[in-house]
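As structure tokens, the structure follows; a few thoughts come after it.
Please treat every number below as a calculation from the coordinates, not as lab data. Just so we're clear, the structure is a prediction, and the values are computed from it rather than from any experiment. Neighbour counts run over all protein chains shown; Cβ positions are idealised from the backbone, glycine included.
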Amino acid sequence: MDRRRALLLENIDPVAAELLRAAGYETESVRGALDEDDLVAALDGVEVLGIRSKTQVTADVLRRRPGLAAVGAFCIGTNQIDLRAAAEAGVAVFNAPYSNTRSVVEMAIAEIIILARRLVDRDRALHAGTWDKSASGSHEIRGRTLGIVGYGNIGSQLSVLAEALGMRVLFYDLEDKLALGNAERCDTLEELLERAETVTLHVDGRAGNAGLFGAEQFSRMRRRSLFLNLSRGFVVDHEALRDHVLSGHVAGAAVDVFPDEPREQGDAFTSVLRGLPNVILTPHVGGSTQEAQHDIGRFVAGKLADYAGAGTTTLSVNLPTVALHGSSAARFALLHRNVPGVLARVDALVGEHGLNVDGQVLATRGELGYAVTDVSAALPPDLLAALRALPETVRLITVGTRAD
Ligand SMILES: NC(=O)c1ccc[n+]([C@@H]2O[C@H](COP(=O)([O-])OP(=O)(O)OC[C@H]3O[C@@H](n4cnc5c(N)ncnc54)[C@H](O)[C@@H]3O)[C@@H](O)[C@H]2O)c1
């Protein structure tokens, strides 16, 4: 039998190759991204592809390489992959939604302290040769009130660390989130803005959040409060932020994300926020640490190995999610059109081949169904052929052997 092959592009942390090799994949790693034709050529015989944000996995790539079974996005976003086309082709896609959470939280904590102490201005002055030793406008964060907008993975972890440093924490979220520690929920954004001394945004990138924070919200903030955005650039009106920093209403800000970010390393950066006092600008590096890269490598490679080894689709971004625990003589997973009667036909075929179903789970997502089935003995080739031949079958995965 051919060796199962995995291809990792874009300098993915070596831990991913180690894990995929341990899962039985012959794994090749390439430093850069590939354009469409080079990608299609490189995917010859490849079952698992790992990419970061630059490689585009289009519907055309998927059509030209039907042997591809899974794509790992070793990053947070999955816009670079045509998820719908991948689902229709039965290609599972996984990403790493949590691996850099801690990195973002640590940067937010650092920036809250740096802004409260006005260290940016002290640093700039000293580099320019001016000794500016003063306590004026410089504060401890202990006892001060932090308002977190968006209490998801990042917001809630920030809440815990900020309290450990002695801050009082308020949060506002569209959903009814569990308040951690002594954090206090606000019923409205306005309430949070009127009470917090530092406001930090950690909302997700849903379209409705465009322009969430503008002149009205900045003027609702308490005078001389601090502002951070490490979420998405389009959430904040930067002209309004500039006006409120220049007027002194906002005493300092840290911004890591921008509406139009340069595409390439070294590209020019333009922003109305450049050169403002007590304003930290960083090039979308909140989640960029070696630890996060390592964790992304471990997390996504683990999901790909679980998919290949057990048919598990937990946290897949485009397929129904299923995990069947326990072991049996053999297992197959059938990705199929979500229409009535498929499971009954599958079980009838298994029975006709003298096998018993030991365990089975099904989940559906839109037009797709995904069923993982454990059976009592090895899978006869004619059963596999019959399952493949079902009109509803999108892809049959025989676990532990080559997916096709
Ligand atoms: N700067 C970086 O490098 C970096 C790294 C990782 C993540 N991020 C960004 O950080 C943000 C948060 O990430 P996460 O993993 O915590 O996401 P998440 O999905 O776990 O949490 C987002 C939370 O925001 C809430 N929310 C959405 N819109 C809201 C609104 N208008 N008002 C109040 N609450 C709202 C949601 O209900 C959810 O609880 C995302 O936008 C993500 O893209 C940035």
quick note, the chain, DSSP beta bridge pairs, % antiparallel (nearest 5) is 35
One finds the C-alpha centres of region 377-394 and region 26-51 to be spaced, in Å, by 29
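Order by neighbour count: Ser138, Ser271, Ser103, fewest other Cβ atoms within 10 Å first, most last. Before the final figure, lay out the partial values.
Working: Ser138 12, Ser271 17, Ser103 20.
Neighbour counts put them in this order, fewest first: Ser138, Ser271, Ser103.
Let me make sure I get this right: for region 320-399, a, b and c are the square roots of the gyration tensor eigenvalues over alpha carbons, sorted descending. Under 1.5 in a/c it's rounded, otherwise prolate if a/b > b/c, else oblate. Which is it? Numbers along the way, then the final one.
Numbers: a/c = 1.81, a/b = 1.25, b/c = 1.45.
The shape class here is oblate.
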Computed from the beta carbon distance with a Förster radius of 41 Å, FRET efficiency for His284 and Glu26 to the nearest 0.05 stands at 0.75
Taking alpha-carbon centroids only, region 250-295 lies from region 172-191 a number of Å equal to 27
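Using the 10 angstrom Cβ neighbour count as an exposure proxy, how do Cys75, Cys186 rank, fewest first?
Values: Cys75 23, Cys186 19.
Going from sparsest to densest Cβ surroundings: Cys186, Cys75.
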Whole-percent tail of the Cα-Cα distance distribution for region 41-122, cut at 18 Å, equals 52
Note on region 100-281: alpha-carbon gyration tensor, axes a ≥ b ≥ c; rule is a/c under 1.5 for rounded, else prolate if a/b larger than b/c, else oblate; result oblate
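Quick check on the chain: helices-only [θ] at 222 nm, where DSSP H runs of length 4 and up contribute -39,500 (n - 2.57) each and the sum goes over total residues. Nearest 500, please. Let's see the in-between values first.
Numbers: 13 runs with 128 residues, N = 404.
Calculated at 222 nm, the ellipticity per residue is -9000 deg cm²/dmol.
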Length gained if Asp382 through Glu291 is fully extended, taking 0.36 nm per residue and subtracting the Cα-Cα distance, is 28.0 nm
Taking Cα atoms only, helix 153-164 is inclined relative to the longest principal axis of the chain by an angle, in degrees rounded to 10, of 50
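Need the full-extension length gain, Ala164 to Glu261, defined as separation in residues times 0.36 nm minus the C-alpha distance. One decimal, nm. Before the final figure, lay out each step's value.
Details: separation 97, 0.36 × 97 = 34.92 nm, distance 3.36 nm.
Contour length minus Cα-Cα distance gives 31.6 nm.
Beta carbons within 10 angstrom, averaged per residue: use that to sort the peptides 30-37, 225-232, highest first.
On the way: 30-37: 13.4, 225-232: 24.4.
Highest to lowest by the protection proxy: 225-232, 30-37.
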The size of the Cβ-based charge dipole (Lys, Arg +1; Asp, Glu -1) of the chain about the Cα centre, to the nearest 20 debye, is 640
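Taking region 134-186 on its own, what percent of its Cα-Cα pair distances exceed 17 Å?
Details: 458 of 1378 pairs.
Cα-Cα pairs in region 134-186 separated by more than 17 Å: 33 percent.
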Heads up, region 265-404 by the C-alpha gyration tensor (a ≥ b ≥ c square roots of eigenvalues; a/c under 1.5 rounded, else a/b over b/c prolate, else oblate) looks prolate
For the chain, the longest principal axis of the Cα atoms and the Cα long axis of helix 342-352 enclose an angle in degrees, to the nearest 10, of 40
Mean separation of Cα contacts under 8 Å (at least 6 apart) over the residue count of the chain, i.e. the relative contact order in percent, is 15
A student asked for the Cα radius of gyration and Dmax of the chain in angstrom ought to give 25.5, 86
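Remind me, relative contact order of region 320-399 in percent, using alpha carbon pairs under 8 angstrom and six or more residues apart?
Numbers: 145 pairs, mean separation 36.7, N = 80.
So the answer I get is 46 percent.
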Computed over the chain: longest principal axis from alpha-carbon atoms vs helix 101-116 long axis, angle to nearest 10 degrees, is 0
The extension gain from Asp132 to Arg274, computed as 0.36 nm times the residue separation minus the Cα-Cα distance, is 48.9 nm
